[in-house]
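Data block below; observations after.
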Amino acid sequence: MENLQQIYKQAAQMTYKGQVATYIPALAVNDPNAFAVSMMSAEDSIELGECATMFTLQSVVKVISFMVATNHHGIEEIMHYVDVEPTGDSFNSIVRLESNNNKPFNPMINAGAITIASLLPGRTMYDKVKSVTLFLEQILGKQVHINNEVYFSEYHSADYNRAISYILQANGFLKSDVEEALQVYLQLCSISVNVSDLAKIAFYFATNGKNSEAHCSIEVINIAKALMLTCGMYNFSGKFAAFVGLPAKSGVSGAIIAIVKQGEIEHLQGPIGIGLYGPAIDKVGNSVAGIEFLTQLSKQYELFCL
Ligand code: GLN
């Protein structure tokens, strides 16, 4: 345990190298020095730092929305709308919407995630959001809520995402109108969780959803994990795969989930789900302390999965 405490302490000291996201005004008030980690196996869990703090999922939700939409429509149909290729561009980039037949490259960048939001099951905006919150509630075994302050804050400063939505619509890659896709997407980004919830989500992937009430086909779970490995950490995904070697997904709130299919971290054994929260993020959008922690953890506990 001493070793783990040491990794945590060293990572927590790195927060000064990052900054909280300010382009969503409501995120700017978060404590830049916060850093918490929760890890769970089938039998036990380890918590480091202040694990009760609530924050929003932001881009971490993209992987959940992808699964719900793909479970509903099937992989072939979804692939007509969104590809599964990494970009190496920033998450809100617009440049590639004029290549690859205008199809968004993957569901982990904003363009692909907004298309996915328009494809969610349900007639109304409310139903579409509900389809994802319900799935999440089945994973977590508890109710989840949307942080409306964060949602409205982002909705009123969503110029980039609105621009992306209009381009998607013009090219035939939205199944709903612009406003609905945008609002569904932003509400999903604003779902409130803590690090223990993140660890549970990661554990769901680590066990391929076995014994969970949240049903998803193994093919879809496999694609979700491949997407996390290749595109989950924005335009740092290649380096993260090379030097950490775990499927993971981050959000600009400073949230990260990381999946250990088989490993041993102190008294935790077998499939392990890791949740991290460190709102000081780097230029790419990843939690600075989170990346540092996972890099050291993977190295010292030999978690590299490839
Ligand atoms: N809601 C954020 C946005 O669309 C999510 C992005 C992120 O977490 N990288 O900009």
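Checking each residue in segment 45-69 for being more than 20 Å from Ala214 (Cβ to Cβ), part of a strand (DSSP E or B) and more than 18 Å from the chain's Cα centre (by Cα) picks out Ile46, Glu47, Leu48.
Before we move on, is Val288 β-branched (Val, Ile, Thr) and either within 21 Å of Ser45 (Cα to Cα) or modelled with pLDDT under 95 (or both)? Let's see the steps before the verdict.
Details: β-branched (Val, Ile, Thr): yes; either within 21 Å of Ser45 (Cα to Cα) or modelled with pLDDT under 95 (or both): no.
No: the conditions fail for Val288.
If you go through segment 238-251 one residue at a time, do you hit one that is in a helix (DSSP H, G or I) and buried (at least 19 other Cβ atoms within 10 Å of the Cβ)? For segment 238-251, residues in a helix (DSSP H, G or I) and buried (at least 19 other Cβ atoms within 10 Å of the Cβ): present. Against the conditions (1) within 16 Å of the ligand (Cβ to nearest atom); (2) touching a residue at least 40 places away in the same chain (Cβ under 8 Å); (3) more than 14 Å from the chain's Cα centre (by Cα); (4) not in a helix (DSSP H, G or I), Pro121 satisfies every one except (1). Residue count for segment 90-116 under the criterion of being within 12 Å of the ligand (Cβ to nearest atom) and of a type in the set (A, V, I, L, M, F, W, C): the result is 6. Checking His156, His145 one by one, the residue that is within 16 Å of the ligand (Cβ to nearest atom) and without any contact (Cβ under 8 Å) to a residue 60 or more places away in the chain is His156 and no other. Of the numbered criteria (1) touching a Ser or Thr at 6+ places or on another chain (Cβ under 9 Å); (2) within 16 Å of the ligand (Cβ to nearest atom); (3) within 16 Å of Phe173 (Cα to Cα), the one Phe66 fails is (1).
Looking only at segment 239-257, residues that are within 10 Å of the chain's Cα centre (by Cα) and more than 16 Å from the ligand (Cβ to nearest atom) come to 0 in all. In segment 276-283, the count of residues that are at pLDDT 95 or above and assigned to a helix (DSSP H, G or I) is zero.
Determine whether segment 177-185 contains at least one residue that is within 15 Å of the ligand (Cβ to nearest atom), among the hydroxyl-bearing types (Ser, Thr, Tyr), within 17 Å of the chain's Cα centre (by Cα) and part of a helix (DSSP H, G or I). Taking every residue of segment 177-185 in turn, at least one turns out to be within 15 Å of the ligand (Cβ to nearest atom), among the hydroxyl-bearing types (Ser, Thr, Tyr), within 17 Å of the chain's Cα centre (by Cα) and part of a helix (DSSP H, G or I). Among the residues in segment 223-234, are any closer than 17 Å to Leu136 by Cβ and either within 16 Å of the ligand (Cβ to nearest atom) or not in a helix (DSSP H, G or I) (or both)? Yes, that holds for at least one residue.
The values are calculated or read from the model by the stated rules, or taken from the named source; none is laboratory data. What you see is a predicted model, and the numbers here were worked out from it, not measured in a lab. So basically every Cβ, Gly included, is an ideal-geometry build from the backbone, and we count neighbours across all protein chains shown.
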